[in-house]
1. Can you return the aspartates and glutamates within cross-link range of Lys254? Criterion is Cα-Cα under 12 Å, with same-chain partners fewer than 8 residues away left out.
2. Carbon-plus-sulfur fraction of the accessible area of the range 120-162, 1.4 Å probe, in percent?
3. Which value, in Å² rounded to 10, gives the accessible area of Met241 with a 1.4 Å probe and all protein chains present?
4. From the Cα gyration tensor of the range 1-59, with a ≥ b ≥ c the square roots of its eigenvalues, which class applies: rounded if a/c is under 1.5, or else prolate if a/b is larger than b/c, or else oblate?
5. With every protein chain left in place, what is the accessible area per residue of the range 96-143 in square angstrom, probe 1.4 Å?
6. Towards the positive end of the charge dipole of the range 1-102, with charges on Cβ (+1 Lys, Arg; -1 Asp, Glu), say which of Thr75, Phe100, Asn32 has the farthest Cα.
7. Of Glu258, Glu96, which has the most accessible area with a 1.4 Å probe, and how do the rest follow in descending order?
8. Could you pull out the trypsin sites (Lys or Arg not before Pro) across the range 25-75 that fall in loop regions by DSSP (anything but H, G, I, E, B) with no more than 11 other Cβ atoms inside 10 Å?
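The values are calculated or read from the model by the stated rules, or taken from the named source; none is laboratory data. Predicted model only: the values in this text are computed from it and were never measured. Positions of Cβ are generated from backbone atoms using ideal geometry, with glycine treated the same way; all protein chains shown enter the neighbour counts. Quick note on the areas: whole protein, heavy atoms, side chains included, nothing else; ligands and nucleic acids left out. Shrake-Rupley method; radii C 1.70, N 1.55, O 1.52, S 1.80 Å.
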Amino acid sequence: MRYDLPRELTVDADGPVRTVTINRPTELNSVNERLHWALANVWRQLAADKQARVVVVTGAGRAFSAGGDLNWITTFLDDETARDESIREGAQIIEEMLRFPLPIIAAVNGPAVGLGCSMALLCDIVLISATAHLADPHVAVGLVAGDGGAALWPLLTPILRSREYLYTGERIDAATAVELGLASRTVAPDELLVQAHRLATRLAEQPAEALQGTKRVVNMYLSQALAGPLQAGFAAEVATMKTAEHRRRLLAVKDRAERR
């Protein structure tokens with residue numbers, strides 16, 4: 001099957017396994033406008049691929065995804081249309097992943113930050129490199145963690161632990177992520193994709209109807225629990241996008257990044 005996607009997101013086929021690679025390695029796979037669109041639209045294309053049975057999601061190079069591309073997200077400060085479209089697509093990414101019928105394995109090869117973290121945690125199984133980490137730094141730049149973190153994390157790990165990491169934006173190393181229930185297991189860096197594809201092959205050999213039906217039932221709980229918090233989270237995130245505090249903090253982060 002031919003996929004209609006920009007180069008920032010690639011899909012490779014190996015029998016019944018599809019490997020989706022976030023492909024901006026020199027930018028640590030930070031999410032720009034084209035990649036954001038691709039992440040929102042890849043799931044229906046994968047669902048239409050009749051030969052696919054399992055999907056592996058990973059990042060090119062040394063990161064899974066370092067979150068939003070600063071050059072793109074700073075445009076939201078003065079472009080309401082771009083800001084609103086990013087929120088619409090952000091909701092689409094989450095909704096499409098929750099509805100997606102095939103099992104998804106995250107192979108978290110490096111930092112998974114912000115939206116990258118939310119995407120990893122929306123996968124069915126999360127294999128994380130022993131050298132990788134998770135983080136959601138929304139609050140640190142004056143934003144509500146609306147695109148998954150505040151709504152999703154309390155379903156996976158105790159609320160008290162969720163609060164600390166969401167409020168501070170502190171990194172969660174791989175071992176701690178497994179301890180908290182934010183990842184399935186740690187894997188040696190050089191074994192990550194091998195293990196992910198081995199597991200994908202095993203899942204692909206399972207009876208497809210039974211496996212997909214089981215996923216559908218499990219995800220009903222997630223979809224029902226997330227409906228209200230996600231809607232409220234996106235609304236609150238938009239409200240904080242308009243604040244002077246967010247503008248100041250985001251521009252300061254961008255300035256520090258440009259000086260490096």
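1. Here the aspartates and glutamates satisfying the reach criterion relative to Lys254 are Asp69.
2. Here it works out to 70 percent.
3. Ignoring ligands and nucleic acids, Met241 comes out at about 20 Å².
4. Prolate, since a/c reaches 1.5 and a/b exceeds b/c.
5. Computed with neighbouring chains in place, this is 21 Å² per residue.
6. Working it through, the farthest residue towards the positive pole turns out to be Phe100.
7. Glu258, Glu96
8. Lys50
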